[in-house]
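Undergrad: Could you have a look at this structure, given as structure tokens, before my questions?
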Amino acid sequence: MNTFLATHILRYALLARHKRGHGIHSPYVYNLIRSVFIDTTEYSEYALIEAERKKLLHNSDFISVVDLGAGSHSLQTKYRKISDIASSSVSPRKYAQLLYRLIRYSGASRILELGTSLGISGTYMALANTKARCISLEGDNQIAAIARNTAANCKCTNVDIRVGHFNETLTTALQDLGEVDFVFIDGNHQKQATVEYFETILPYCNEHTILVFDDIYWSLGMMEAWEYIQACEQVSISIDICKLGLIFFRKGIIKQHFVIRY
Ligand SMILES: C[S@@+](CC[C@H](N)C(=O)[O-])C[C@H]1O[C@@H](n2cnc3c(N)ncnc32)[C@H](O)[C@@H]1O
């Protein structure tokens with residue numbers, strides 16, 4: 001990690017508010033923290049999905065991967081071991097479970113994911129509301145096949161995994177969903193691409209939509225993309241939890257940015 005990023009992560013650590021919500025004056029954000037962020041309930045789906053993660057973490061098969069994104073900080077080769085993908089490219093339990101609880105809490109029923117990988121976060125999101133329609137986009141065919149298997153093993157039937165470059169699949173997915181209630185943007189961590197995905201998704205958002213951006217401190221470019229998105233006129237609340245950035249469009253509240261320890 002370079003000094004610049006280290007400085008920003010240190011800044012995050014200094015600015016971050018208490019993880020239980022003390023000192024947060026926005027009732028909406030306070031309730032979100034109390035009901036979602038610090039909810040320690042072990043929902044039954046957690047064990048099911050974590051058992052799949054464990055299998056993937058022990059899978060020593062190699063696959064040949066087509067990486068259409070910014071690549072990985074740790075995996076640079078075309079031939080990748082499934083266990084390595086599972087340990088380096090998949091959302092850690094803590095964050096995947098936060099996505100699950102955000103969807104449960106908000107009741108999101110039109111869910112989109114950019115970046116399926118092995119299907120862990122997609123399965124979490126789809127099982128958070130089994131009545132929801134969930135579309136997850138992935139560039140690599142073999143990875144998508146593993147993700148479908150992950151979902152099937154968890155008896156998850158409401159996630160539709162589509163293969164192709166986001167530039168080719170995103171607009172159709174948005175049109176198919178009509179509007180989106182929840183979007184997890186977790187692929188191609190480059191400034192320009194991230195801003196473009198945001199702008200493509202924006203017309204499909206409503207007052208209750210939640211957007212979650214992964215790895216907002218991954219690079220200088222990602223930090224700039226996050227700052228650009230936060231500043232967008234339609235955005236009313238943004239929450240920085242260091243690994244993830246959350247965006248809300250709720251109306252009738254003063255625009256505010258929160259940095260919260262998670
Ligand atoms: C970080 S992983 C996603 C992890 C997954 N969301 C999870 O937490 O379980 C990012 C995935 O996005 C895919 N990807 C990156 N850029 C892409 C692009 N431009 N089009 C399609 N897929 C892309 C990669 O193949 C990779 O599998």
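Undergrad: Can you give the extra length, in nm with one decimal, that the chain gains between GLU233 and LEU57 once fully stretched, where that is 0.36 nm per residue apart less the Cα-Cα distance?
TA: Fully extending the segment from GLU233 to LEU57 adds 59.2 nm.
Undergrad: Taking the Cα atoms of the range 3-259 alone, what are Rg (to one decimal) and Dmax (as a whole number) in Å?
TA: Rg, Dmax (Cα atoms, Å): 17.4, 52.
Undergrad: Which lysines, on any chain, are close to LYS131 with Cα under 22 Å apart, when same-chain ones fewer than 8 places away are left out?
TA: LYS155
Undergrad: Okay, moving on. Have a look at ILE49, ILE24, ILE210 and tell me which one the Gaussian network model of the chain (Cα, springs below 10 Å) gives the largest fluctuation.
TA: Of ILE49, ILE24, ILE210, the Gaussian network model singles out ILE24 as fluctuating most.
Undergrad: Give the lysines whose C-alpha is closer than 29 Å to that of LYS191, dropping any in the same chain fewer than 8 places away, or say none.
TA: Counting by Cα, and skipping residues close in sequence, LYS191 has these lysines nearby: LYS19, LYS78, LYS81, LYS94, LYS243, LYS251, LYS255.
Undergrad: Calculate, for VAL66 and HIS22, the FRET efficiency according to 1/(1 + (r/R0)^6) with r their C-beta to C-beta distance and R0 45 Å; round to the nearest 0.05.
TA: Efficiency, rounded to the nearest 0.05: 0.45.
Undergrad: When the chain is fully extended, how far beyond the present Cα-Cα distance does GLU168 get from GLN192, taking 0.36 nm per residue of separation?
TA: 7.0 nm
Undergrad: Sticking with this structure for a sec: Please give the peptides 238-245, 118-125, 93-100 ranked by average Cβ packing (other Cβ atoms within 10 Å per residue), highest first, as a rough proxy for protection.
TA: 118-125, 238-245, 93-100
Undergrad: How tilted is helix 141-153 with respect to the longest principal axis of the chain? Cα atoms for both, answer in degrees (0 to 90, nearest 10).
TA: Its long axis makes an angle of about 80 degrees.
Undergrad: Write down the percent of antiparallel bridges among all DSSP beta bridges whose residues are both part of the chain, to the nearest 5.
TA: Here the share of antiparallel DSSP bridges comes out near 35 percent.
Undergrad: Quick check on the chain: helices-only [θ] at 222 nm, where DSSP H runs of length 4 and up contribute -39,500 (n - 2.57) each and the sum goes over total residues. Nearest 500, please.
TA: Calculated from helices alone, the mean residue ellipticity at 222 nm is -13000 deg cm²/dmol.
Undergrad: How do 33-43, 195-205, 103-113 rank on mean C-beta neighbours within 10 Å, highest first?
TA: Descending mean neighbour count gives 103-113, 195-205, 33-43.
Undergrad: When only alpha-carbon atoms count, how far does the range 204-262 stretch along each of its three principal axes, as whole angstroms with the largest first?
TA: Principal-axis extents of the Cα atoms in the range 204-262, largest first: 32, 24, 17 Å.
Throughout, read-outs are computed from the coordinates displayed, never taken from laboratory work. These numbers come from a predicted model, not from an experiment. Positions of Cβ are generated from backbone atoms using ideal geometry, with glycine treated the same way; all protein chains shown enter the neighbour counts.
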